[in-house]
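Readers should treat all values here as calculations from the given coordinates under stated rules, not as data from a laboratory. Because the structure is a prediction, the values reported are computed rather than measured. Virtual Cβ from ideal backbone geometry, glycine too; neighbours counted across all protein chains shown.
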Amino acid sequence: MVTAPRRKGSADEPWVFGATDESSKIHLAKLIEWDQARPGAAQEILLRLPGMTDDVADAILDWIDADSEPRPAGAEVDTYAEFSVPISPRNGLPPNLEELLLVQGVEEFVLFGESRIVVQKVDDTPANRLDEFRPWVDYLTVYSGCRNESQSGLPRVFINQSNLFSLHQQLTRRMPIAWANFIILLRQYGPGDAGESSLGPELLTLDFTQPAEFTIDNMLDVIDSAVSVTQNDKAVRVPSPFSSDLLLMQHQLTRLFDQVTSDSNPFSIGQVNINMAPEEVLLAVPGIDEDLADKILAAQVNASDSESRRNHPVWLLTEGLVNIPTMKNLLPHLNTGGDVFRAEFWGRSDDRHGIYRCEAVVDATGLSARQTYLRELEVGKWPFLENQAQEKE
């Protein structure tokens, strides 16, 4: 049996069969990156977690940041030197979340929930009521990653490669000729609006001896753009086939972003899955405010109606939740499904007396999936109904 980790441990908490996408959490490396871009952001993010306090948030950040300077309420080497068994803070990304148990003020039940230890009742503030408690492992990760691939499993075409002839061949296998031609022209000439006449990109014969002079940093740059080329000694305007019309974007951008990329890396680390992330994680993403987070959460509830169109974060734009400038800023931080998963694995012997339970993280960002984390867990009775076991085994 494979289930999502069950943190609260109450008898009426429903079982969720399958794994949890680690991209629905905040990667600790991104926490530091976002804090460097906007000082104080990391503490704000951590303080949204249930039961988090200023001193514990600062202590966690002191443990994972690169410097040895303590934050206002934090803890660095002098603090840990006074422990009964002195230790030194890592000042870097920990290999797993268990290491955070070494951080001053971090308690196991707050970090991991009842799946590890019997929960003690914390103070009765609204953020800490036991019936609302979710442990920090549901919000934080050191593992998330996402392959740079299409929905069919093919590597996306890197649009900034230097060989334009090869690029064009790759593009025409995956999209209309007008789209492919315009991308090549934009790479060759950059944006331009000059020209007394216009000509559709599908009608042009491309000159592949013309080198690439322009880099497309964001695929949204193709929308409502144009290129100026010379035909018979006259400037001709070539308009983009990609329009900001909402209906056209819904058709065009979902397909375009599934097939091409401006990022040459085979996988990304720390992007947030907007189709699954809770509010606390969404609000951590630079550029997502409470209003947008509420809209995303509402869209998650109604996901079945638009599931096929939400295979790329650009659905925030095509469904009208954000404008183009906002979408450009958000794109590097988002995905709609990662390739690293956490789950609990349950097994039992044929006589149903021997029971085994563990929690593992499986990383499928490479050519073959690999186990990156394993912890054996305590187990009592077999918790599943017989019909559940038969359906899922």
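Hand me the trypsin sites (Lys or Arg not before Pro) from the range 277-371 located in a DSSP loop with no more than 14 other Cβ atoms within 10 Å, in residue order please.
352
With no solvent and one equal point scatterer per Cα, compute the Debye intensity ratio I(q)/I(0) for the range 266-332 at 0.16, 0.18, 0.29 Å⁻¹ and report its log10, rounded to two decimals.
Log10 of I(q)/I(0), two decimals: -0.50, -0.64, -1.63.
Report, as a whole number in µm² per second, the diffusion coefficient that Stokes-Einstein gives for the range 251-375 at 4 °C and 1.567 mPa s using the Kirkwood radius over alpha carbon pairs.
This corresponds to a translational diffusion coefficient of 77 µm²/s.
Find the relative contact order for the chain and round it to a whole percent, using C-alpha pairs within less than 8 Å whose residues are 6+ positions apart.
For the chain, the relative contact order is 19 percent.
Find the relative contact order for the range 151-261 and round it to a whole percent, using C-alpha pairs within less than 8 Å whose residues are 6+ positions apart.
Across the range 151-261, relative contact order equals 31 percent.
Counting pairs of Cα atoms in the range 238-277, how many percent are more than 16 Å apart?
Distances greater than 16 Å cover 57 percent of the Cα pairs.
In what sequence, highest mean first, do 196-207, 279-290 appear when ranked by Cβ atoms within 10 angstrom? Write down the numbers at each step before the final one.
Details: 196-207: 12.8, 279-290: 18.7.
Packing proxy ranking, top to bottom: 279-290, 196-207.
Direction-averaged shadow area of the convex hull around the Cα atoms of the chain, nm²?
24.1 nm²
What Kirkwood hydrodynamic radius do you get for the range 1-110 when you take the inverse of the mean 1/r over all pairs of distinct Cα atoms, in Å?
Result for the range 1-110 stands at 15.5 Å.
Using the Karplus curve 6.51 cos²θ - 1.76 cosθ + 1.60 with θ = phi - 60°, what ³J(HN,Hα) values do you get for each residue of the range 292-300, in whole Hz, with x for Gly and Pro?
Karplus-based 3J(HN,Hα) across the range 292-300 equals 5, 4, 4, 5, 5, 4, 5, 5, 4 Hz.
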